Every structure is written in C-alpha cells, then in structure tokens.
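Worksheet for the structure shown next.
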C-alpha cells in the first residue's frame, strides 16, 4: 500500500513537472520575495566589481546520501553563480565535504565558464574538497573564507552544526553569509549567526531565484502543489481520526 | 561546449531502472538494479580517492605558489602522506593507526566542537542586539526554556515542572510536529529535485 | 542565464514574460515614454503653441499688442495706399548678415536685419527638422503672422531689399525727406502706452518710463527738408511731421517730478529755441552744441574741421583724414567699408536753419521705450544740456555733439569705490549650500571601518565566555564532584530498549553501526557505553561492526578498547570490524540486500559472523549516530530486509527530535538520546561508567550557559534598542 501511494505520488509529480516546464506562460505565477536571494544576486555582482571572491560552500553531504537533493540544489546554484561571476578577477571557489560533490563542483564550474565564454579563465582548483569529516570540512572552508579575499559566503547544502564555525569566520572577516541548510540543528545555528538565513525548503528554491530556469520554476510550483496535497491529506486524516472513522 | 547526450542518457536510464525496480517487483530488473548499486558503491569508494587527490593538489599548489597560509598546507601534506603510509603498511587495526585516531583526530575535532559551543553561546547572547523582532525573541526564549528543562540541579535533580512536564510535552508535541513538517518539506524537495535529475532537466554532471 | 531583467526590481525573467514574477511590474518599457532620446535633434516648436503656459499678465500684453498691431497695420495700409513709398536703392550694409541668415535654415532673422522685402516671409527650413524649440525672433514689420502676435511692434520701414541695409533713419536725406514727408507720423505702439498693461516695477530707471507713458505722446513735427542745412545727412532723414513737445519745465521742476538717475539729470539749463522745441530734444541738441569741455578735448574752431557726416555715413573723405579712422581702417567690417559715398552737401553752420525741425525717425518701439525722458518732454532742459555736450571728433560719432551724455563730475578722480562682490544669499539658501557642501565633503572622506574598539570588545567577550566555561568544567572534572544526582528513571523512549534486551537470545549475532563524527565521540560514547555495556554483559552477543563513515571503524575500535573494556571483547572472536561501507544509502541498500556481496572481506570467515549470510540473520541492529538523516537512511533502506528484527538507535541529543517520528511510528524500536539517557542507564545499572565523571561538569556549564543567555540577551536587547533609538535621533537631526 505504501509503495503504491509512493509510486502514484512520484508519477503525478513527474507529469506535473514536465507539463509546467514545457508550457510557457506570459504571466507566470508570483513568487514571494526572499531577501537572501536578492542579496546573493547583488553580492555576486558586487564581487565582480570590487574584485573580491565569492565562496560557495556546498555542504558535507553527497549525492547518494539521504540529503543528496540538497547537494543537487547547491550544484545548480553554483552553476548560476559561476556564470555570473566568471568574468571576475577572483573567480568563485566552491568547497564541499564529499569527494563526489567536489568533483562535480569542478565540472559544474567548468561548464559555467564555458557557457559564459570564459573557458580559458577556469582554474581546476576552484572546486575543492575541504575535508572528509564535517568539522575538518568546516576547517577547510574557514581557511578559504579567511585567506582568499572573500566578500560573500554562500553556504547552501547539507550542513550540520559545523556551519556555526563558518558563520563565525564570516563575521570575523566582515563578509556576508547567506546560508541554507536542511538540518534543523544547522538551521537553528544559522538563524542566530547568519546575515540572511534561509529556513526549510527555501534551499531548494535557490536556483530558481538566482537564475531563470523554467525547470527550476516549475519544480517550485510542483512542490507547492504537493505540499497542499499533503496538507489536505493530513487534515482529512485528522478529521477521520477525530470522528472515529477508520 | 557541446551537450553530453551520452551522460544524460546513462543518467536517465539508470534512474528509471532503479526507481522502477524499487516500486515494481519485476524479476528482470532486480539483478540489473543490484549490479548498478554495486557499481555505485565502487564509484563512491573511488571518488574518495579522487577527493583526497584533489585535496593534495590544492594544497600542493598553494605551497608551490608560497601563498598566505602555505605553512599549514605543508603540515597537511606531511600528515596526509604519513597517515596514508602507516595505514597502507600496517592496516586500520594496528595500534599506530589507533594512536593517530585517538591522539590527533579525535582531540582536534572535539576541540572544534568545544569552540562551536563558545561561538554559539556568544551568538545567542548578541542575537537580540543585532535583530530584535518577535521571532528572534521566541527563538531565544524557546532555546533557554529547553536548556533549562534539561538542567539537573545539585541535590535537587531535575527542576520540577520543567523537567518532568514541560520538557516531555515540548519534545512530543511542538518539536515532533515541527520535525515532521520539516521532514515532509525536505522529502518533497528531494523528490522534485530527483525528478529533475531523472529527466535531465538538472545536470550536475556539467554541460549546457 | 536570464533572458530579460525586470526594470523595476532587477530580477531575471523569461523572455516571453510580460509581467515580472517577483514585483508584478510590466517588463515592457514604453518606447514613447521617453521624452528625450539622446542623439536626436530637437523638435521645432512655435511660440504660439506655448501660449497656454505663459503667465497671465504676459498673455494679456500679447493680446493687447495683437489688437494694436492690427489697428496699426490697417493704418499703414491706408497710408501706403495713399502714398506709395517708392523703393530706393540704398546701400545695404547689413546685406552680408542677411545673406548669412538666409543661408542658415534654422534661424529666423527679423526683416530689418535680413534686408528682405517686408512682405517676404522669412526663410523657413525646407524640412521639418527635429529640433529643440527656439525662442522665435521678434519680427518687426507687416508680417501679421508673427508668432508672438507682435508684442510690441512699431511700424518701422523695413530694410530695403537690395544690398543696402541702411536703417531708414540712416538713408539719404533726399530719399528720407521725400519718404518722410509723405509718411504719416507713426506712433510707437506699446501696451504700456495704452495703459492696458502696467509694466513691472523694477526700480528707479522705470520711474521715468512711467512718467513718459503717462504723458501724452505728441507726435513729432515733420522736419523740413534741410538739404542746405548744416545738419548731418542721417538726421535729415528723420520724419519731420512729428511734433516735439516743448520743454516747458525747468530742470529743477523736472527733477522734482521725475526721479532721474544723476547721470541723466541736466547739468545746465538753457532755453530751448522754439525751433528746437519742435524737435525731439536729443535731436535738437545736435544743432546747437556747445562743447562740453572735457579737459583733454579741444572743440573744433570751424565747421570745416568738423566732419560733414558721421564716419559711417558715406562721405568718407573727412572721415579718412581723422586719426580716429585709422583705428577702424583695418578693422572696419565689410559692410561699412563698402559703403558708397553719397553725395551730400556739407552740413551748414550751426546757426543754419535750426528752425526747421527734424522729422523724427521711425524708431522701433523698443528703442523708443529706452529713450531718455527728455526726448519726449520737449520742455526738458536736459535736452539743452545734451546739446551742449562735447563734440565728437573721432570715430563713428565724429561731428556729433552731445551724443554721449557727459555729466560733469561723473568721473571722480581718484580711486574708484570698491564694489562688493558678495553674493546676496538668503539664510535658507546659505543653509542649503552648507548642506550640499557637507554632502560633497562626506563623499570624499573615507568611511571608517568597524572600530577596533568593537572588535576588541567582541574578542574580550569571547575570551571571557571561554574562560568561564573552561574553568567551571575543569573544576568539576578535576575536583571529581558528584553533587548532582543522576536521573532516577529512564525516559519513555529509552525504556523501550529494556524488553528488547531481555528478548535477545544469548550469543546472537547483532549488527552495530558506528556512524558518528569524531567531534561528538565524547557524547556518543558516554551515551552508548552504559547501554552497550548492559547488552554485552547480559546476552554476550556476537557483534558485527560496520560504518558508512571512513573514520567509523577507528571509532569502533576505540569504543571497544576503552568504553566497554570491562566486557573484554576480543576482535575477531567476539566482534568483527568489517570497516568502511561506501556509497551512503546505496551502500546501505546493497548491504541490506546481500551483506557478503556488498563488503567482500576475509573477515566473514571469523567466528563472530558464523551463520550470517543475510541481513535478516542479525537478531538486532544497533545504530550509533549523531545525524537524523543517517538514522532515516538505515530505517528506510533496511525496513524490508530486517524481517521484523528491532532497530535500536543511540543518538546525539541534537538528532533525537528528528528521530522521534520514526520512534512513534514503530520504525525505530527504541531510542537512547544524549548524555541524559546514558546517565539514566548508568544509574539503573549501578556499575558506574563514564557519565558520572562528566555529569556534574555538564550540568554546571549548562546552568551557566542558560544564565548568560538569559541575562546577556536581556542586556543586549536593551542596549540594542538604545543604540537604535540614538541613531534614529541622530538621523532625524541631521
């Protein structure tokens, strides 16, 4: 039974995603303003203008971990930011705590440079592995934040409590920190220490807000639809439970 | 750069096979699915070596260019090579390896954790100076309440009412409900993100 | 990349969108909204189109002038019909300017400058050029289509069509005389004269204008032909039928009635002859001029020495002899040098025919309005004073007397009075200027960075907090205090582990997974040690150790060597460490499907894993983790392969809330979370353990942290509100 429900939900989401991606509307749906993404876009432009660097932390999770979706979303965001800042004197640096994500971050940045027509400016060490354990990864990310003229740290991905160290390093260097995590403990830490924290599933909206991809926007709308379905299902189940019906 | 249709085709086909094999008990898909899973395990293990190589390369370049902090890069490179040598030669069960873990890795990471505790305490104290809105006050108040409910006082033990009534209610009612909501939202986001990768709408493997 | 950016908020939007997704503003920019586009030439505008925006008093003036102009035009038409004015070729010394003006398509020169026929319309541009609107030139003439409607027009004889561009009053005496004889006197038409509009009061200079406007303007008497007179030829061209009012007032009385500036007041009073009274005073002064003796100027002795005509009048011989002409011989413009000499008789002596009044010239109204008062007041004694002015001997005014008013005493020998160049600015203007200066100065001043004092205070606070926590924890640990009692009872979620332990068979294979970070090894080891110690002591199971983290196997070895050393579990015999399982969830699923295939190793031959070939062979799975996601992965991937065997999770306190839903849904059999549950297990086992060593220090530091957060947060709340209020007040004041 559970497998059938899961299969049905997956098929419905897939159909809806394809339909909303392919249908082009002149009046698209309205997305609420998220100040963190506005600031991130502005920070990307400012880093190009004032010759500083953008540091993108992709988190410690891998693609095949339970939080692989967060890593996928952070890679999509890295692609958008890489295209926007490829012409900077100091190109962006991406750090991660997973070897697979580190290799993919190199490939993503290279593709971003190629898309922007600046392939010759790509440096392979722009995508780095910070460390194999969370706190060793945090130590590596802190080194980048403190030694490489970083003006803005974008920590988007699978983080744990170690993100607090990255926030501390950002504050010491007077750099802005725009962070999003899926772990509730990390979200609590970021709420207390980040300049612009993002809560909940706003992490998955990052690529849609920073860039302009039809598939990203469609996925936001699919999430909204599914969320409403879940809400209705929960309310219906609670009502049934209260009335005593099975 | 030309798009990579082969990579996209492989990603899509493998994703569909694994997904279908999970939901539908098709006998033909089971061995294929298992074999693909083994390949993924091997590739993940190799990816660790690639990541270590990337780490070595970055710090070696930093040392070669004599950049700021290259001394620490030298320390890292020496420690990495030494640990690799000992582990390859003696094995992970050897007391030397245990000594490296016990004497270096665990104390270093535990120190970082302790540093995090001070950092979080400092950030909590200054939170209201930086941002004094309603949600911030609620956040700080709930944190203080939960910590206070976990305290055991000398000679008294757990604080009455806080320890035996407030804390369990907080954990089982608002915390559990909020946790479920977060898990649902993250799951929906993961579902749609996975579908985007499945349909090649999102290609983390590069290409346009 | 974004296809188009919203002009309002700057966010990216798809190319086909018309409305921004973020701010709901239109993405299309109205092409016609821009009023000025760079690179384009301005659009020509006519002044009449701008009339609605003119002030009311100006509109009234224009309307009055149009009416008066219409009347004047009618009169002129009647006069022209009765006395057609023959055209005469006169030297047009302004023809050069006129031809240049005609060539310039953008400019519209007035007719008197253009040298064109009055009826000819000014040259208009061939095409409608995109040009900024220009102030239209005032056309003096019969062109009723004047764009301004002829605000103050005077029926001036237009400049001749030919190359001669002499003004009418400069034309040959004969022609002028014949012209002027037959021409009716023309009245200058001004709106002020009619009294329809009051001129703006601008100061003392306008008083005499007002006086002049109040007095009836008597037409000047036409002057008799003065071919034999000693007058300059250009004067003979003046209309002679204009009556010049006699100057009946004395200068003193004149001064009493009209407050003239000093330089305009007459220096001496003389009687004005009757003949002179008939002329405008400033004209009569040219007849009887007494040298106004500046010390350096000697009046000429005889009339022969005087030039017969002004230098710019064609009688060039005397002018050529004067030394002053040398100044102009080279620099004279073409239109002056090309003037053909006109044969005129030398002016007669001063006493020759002063009786015949000179016909006043038809001056433009704006020239008439600027004339001194004495020109319209025939009795003004200042006219005589002007007559007695110095005789000009050189330059274009050679032979004229009293042209330039010379008032004795106007030139004060000595140092001129210093003039103040101080800008007259009001108080508010000075304040605005100082504010602007501050703004500009602020832009050039470097902004100070966050003060070092702030950084020092932050660093000091961090050091103080660290010192307090370290001192308190060290004191409790080193002092081995045990004043804080351990929890008496297990938590509801950890109680569920007891029956599981009771139900396990002896020597059963169990799987222990070490998936936590080294940083949290202190908490996890302290939390798991009492429970695992009880399990190992109760049922002596065969343990298979596994980890999905590279450092996990080492942590497992440390755990068995230190935390549960009391049980003396031997590697290979009592437990097997399979090592690192790569692949995350994929690896977990792979192991759950076929453990031996997922981790092929010689360790599978050890006695500890005898009889284990499938995942379901394990009697229980015990997961030590600090992440809820790891617990979720093991729950989800092994649920179908556990065959109902229990899964017990020992988690860090930070992960426990997220594992609660799985516990409540029975996907996790029991949950031991954090130091508290470890202490409870330790208290219930009565065997002692690592928790007791840390329990007092844990509670003391926790209490200190709560107090610091509460009071420090309150302090910063008040301080932050004060600083924000102060900055708001400072901003309002500035």
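Observations
- Per residue of peptide C:616-628, the mean number of Cβ atoms on other chains within 10 Å of the residue Cβ is 2.
- Order of B:56, C:711 - criterion: other Cβ atoms within 10 Å of each residue's Cβ, fewest first: C:711, B:56
- Taking region C:463-560 and dividing mean pair separation by its residue count, relative contact order in percent (alpha carbons under 8 Å, at least six apart): 32 percent
- Residues B:68, B:62, C:693 arranged by fewest to most Cβ contacts within 10 Å: B:68, C:693, B:62
- Computed from the C-beta positions of residue C:488 and residue C:464 and an R0 of 41 Å, the FRET efficiency is 0.70 to the nearest 0.05.
- Estimated distance in nm for a label pair at residue C:667 and residue A:172, the labels positioned 7 Å out from Cα along Cα-to-Cβ: 4.0 nm
- The mean number of partner chain beta-carbon atoms within 10 angstrom of a residue's beta-carbon across peptide C:469-475 is 1.
- In chain A, the calculated helix contribution to ellipticity at 222 nm averages -18500 deg cm²/dmol per residue, counting -39,500 (n - 2.57) for every DSSP H run with n ≥ 4.
- Estimated FRET transfer efficiency when R0 is 22 angstrom, pair residue C:601-residue B:82 (beta carbons, to 0.05): 0.30
- Our summary gives chain B a relative contact order of 27 percent, counting only alpha carbon pairs under 8 angstrom and 6 or more residues apart.
- Rg(Cα) / (2.2 N^0.38 Å) computed for region B:53-208, rounded to two decimals: 1.62
- Residue A:125-residue B:56 pseudo-label distance in nm [points 7 Å out on the Cα-to-Cβ vector]: 1.5 nm
- By the Kirkwood approach, averaging reciprocal distances over each pair of separate Cα atoms, region A:83-189 gets a hydrodynamic radius of 14.2 Å.
- Over region C:605-654: Rg over Rh, Cα atoms, Kirkwood Rh: 1.03
- Over chain A, relative contact order from alpha-carbon pairs under 8 Å, at least 6 apart, %: 20 percent
- Note that region B:152-204, at 20 °C in a medium of 1.002 mPa s, gets a Stokes-Einstein diffusion coefficient of 151 µm²/s from its Kirkwood radius over C-alpha pairs.
- Rg to Rh quotient for region C:488-560, alpha carbon positions, Kirkwood Rh: 0.98
- Pair residue C:74, residue B:46: separation of 7 Å Cα→Cβ label points (nm): 10.9 nm
- Helix-only mean residue ellipticity at 222 nm for chain B, each DSSP H run of n ≥ 4 adding -39500 (n - 2.57), per residue, nearest 500: -24500 deg cm²/dmol
- Once the mean of 1/r is taken over each pair of separate Cα atoms and inverted, region C:474-517 shows a Kirkwood hydrodynamic radius of 14.6 Å.
- Segment residue C:481-residue C:436, length gained on full extension (0.36 nm per residue, minus Cα span): 9.3 nm
- Largest-first principal axis extents, alpha carbons of region C:618-686, Å: 37, 25, 18
- Gain on full stretching of the segment that runs from residue A:242 to residue A:5 - 0.36 nm per residue minus C-alpha separation: 83.0 nm
- Fraction of alpha-carbon pairs over 22 Å apart in region C:560-675 - percent: 39 percent
- Subtracting the Cα-Cα distance of residue C:82 and residue C:428 from 0.36 nm times their residue separation leaves 118.2 nm of extension gain.
- The orientation-averaged projection of the convex hull spanning the C-alpha atoms of chain A amounts to 15.3 square nanometres.
- Listed from fewest to most Cβ neighbours within 10 Å, the set A:221, C:566 follows the order C:566, A:221.
- When only alpha carbons are used to place a centre, region C:477-550 and region C:703-720 end up 36 Å from one another.
- Shown is the FRET efficiency for residue B:65 and residue A:231, computed with R0 = 56 Å from the Cβ-Cβ distance and rounded to the nearest 0.05: 0.55.
Values quoted throughout were computed directly from the atomic coordinates according to the rules given, and no laboratory measurement underlies them. Only a predicted model underlies this, so the values are computations on that prediction, with no experimental measurement involved. Positions of Cβ are generated from backbone atoms using ideal geometry, with glycine treated the same way; all protein chains shown enter the neighbour counts.
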